[in-house]
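To keep things clear, I will list the structure first and then write my remarks on it.
The values are calculated or read from the model by the stated rules, or taken from the named source; none is laboratory data. What you are looking at is a predicted structure, and each value in this text was computed from that prediction instead of being measured. Positions of Cβ are generated from backbone atoms using ideal geometry, with glycine treated the same way; all protein chains shown enter the neighbour counts. For the accessible areas, the whole protein counts, side chains as well, though only heavy atoms, and no ligand, DNA or RNA atoms are used. Shrake-Rupley method; radii C 1.70, N 1.55, O 1.52, S 1.80 Å.
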Amino acid sequence: MFVDRVKIHVKGGDGGDGKVSFYRAKYITHGGPDGGDGGKGGNVIFVGESGMNTLMDFRYKRKFAATPGEPGGKRNCFGKDGEDVIIKVPVGTVIREAESGKVMADITKPNEEKILIYGGKGGKGNQHFATPTRQAPRYAEPGRKSKEYDVILELKLIADIGLIGFPNVGKSTLLSMVTNANPKIANYHFTTLSPNLGVVEGRFGDKFVLADIPGLVEGASEGIGLGHEFLRHVERTKVFIHVVDAAGVEGDDPVENFEKINRELAEYKEDLMKRPQVIAANKTDIPGSEENVARLREIYEPQGYKVFPISAATNKGLDELLTEVGKILREYPEDITFEEEYEEYAEMQVDFEPFTIEEVEEGYFVVTGVGVEKMIGYTNIDTEKGFAFFQKYLKEKGIIEALEEKGIQEGDTVHIYDLDFEFWK
């Protein structure tokens with residue numbers, strides 16, 4: 001069974017808690033703090049697997065979670081890091097955040113790795129909080145919670161050339177004649193119920209991947225027929241071979257059908273009409289096809305569409321068609337990828353949960369609170385946008401104002417979760 005869209009739940013491993021501990025030994029009753037740090041949680045990693053061509057496996061397992069880090073131990077012992085969870089997906093899989101629909105990652109190469117979720121950092125043990133004036137700290141940091149998402153996996157086949165056109169115009173026959181693919185072929189509608197791929201070797205030794213894209217009928221962009229089930233697979237295609245029935249075997253007009261299919265492509269995604277497209281006028285071995293070939297050339301060649309009379313059943317004209325397509329591909333070598341759109345901090349809402357501020361020693365202020373810790377965990381401070389969101393959060397939540405009321409001065413240190421920074425207005 002061909003499965004090309006699934007929803008799964010992924011969660012990174014939480015960080016292990018830091019340890020509160022004091023050194024004890026014979027004749028030593030008041031040893032210093034020796035609590036170790038918690039281990040880091042495991043990451044959630046997606047990997048492109050060339051041997052997979054469907055998302056079928058994810059119909060049976062929908063939840064994936066990395067292992068949490070272990071807590072810190074006595075005598076400065078670190079907790080063990082959690083194990084990563086590695087999720088193998090077919091090459092061409094786009095990962096979207098389920099609620100917003102935004103792209104989180106696009107896996108386009110075999111063995112390509114994408115860390116979708118980083119494991120939570122381990123909390124620091126109490127040994128880190130000892131100072132000359134606070135020699136026996138009785139607190140340690142908790143491990144940072146990792147993120148979790150519902151994500152949509154969408155397989156968009158990676159093919160250089162896409163065969164498009166109405167059912168029963170000969171796309172599967174054409175694929176079988178020029179590649180090693182063996183699609184099911186019969187004289188009825190919707191023979192092809194899943195995309196088929198094959199590799200073509202051109203006259204000049206160049207190789208390219210050819211895909212038969214099924215499901216295109218009038219109204220497909222609105223979900224009629226197989227609709228969106230397979231329209232997504234045209235999105236990566238660099239060149240379209242638009243196959244029409246030049247003989248009009250079933251009484252259809254090839255000119256009218258060409259317009260209908262292109263209208264569906266444009267309504268699904270306007271960008272698709274900018275891709276190079278050639279017309280393969282098929283079934284020219286049947287008498288009466290010459291008139292339709294002449295009409296197609298008269299109407300579409302002035303618009304920039306080259307028309308190739310072919311017969312997929314007898315191999316007529318296939319060499320000329322593939323030579324032209326190979327030439328177009330050499331001029332458009334770049335792969336079509338999807339840019340990452342999802343940004344965690346953009347999804348964070350500024351809440352007003354309570355927080356506390358304590359001056360634990362002169363010039364050192366500690367800010368704590370569930371909302372503050374959650375914000376730090378979901379925001380990448382190392383990026384410009386993330387840091388701007390961090391500053392905005394502190395101001396809107398009233399933390400800056402509260403620090404000033406506590407008497408903070410420029411150059412003093414502020415500690416929030418595991419982050420220290422100097423205060424400057």
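Shown for segment 1-153: the carbon plus sulfur share of the solvent-accessible area, taken with all protein chains present and a 1.4 angstrom probe, equals 50%. Packing, as the average of other Cβ atoms within 10 Å across residues, places the peptides 152-159, 13-20 in the order 13-20, 152-159, highest first. The length gained by stretching the chain between Glu324 and Glu301 to full extension, at 0.36 nm per residue less their Cα-Cα distance, is 6.8 nm. Between their Cα atoms, which of Lys80/Lys145; Lys61/Lys171; Lys260/Lys283 are more than 23 Å away from each other? With Cα atoms farther than 23 Å apart: Lys61/Lys171. Each peptide in 279-285, 79-85, 335-341, 364-370 gets a packing score, the mean of other Cβ atoms within 10 Å over its residues, and the list from highest to lowest is 279-285, 79-85, 364-370, 335-341.
Note on segment 1-136: semi-axes of the ellipsoid equivalent to its C-alpha gyration tensor, largest first and rounded to whole Å, are 44, 13, 11. Taking a straight line from the alpha carbon of Lys109, these lysines sit under 19 Å away, with near neighbours fewer than eight places off in the same chain left out: Lys88, Lys156, Lys207, Lys238.
Kirkwood-based Rg over Rh for segment 255-326 (C-alpha set), two decimals? On the Cα set of segment 255-326, Rg over Rh gives 0.99.
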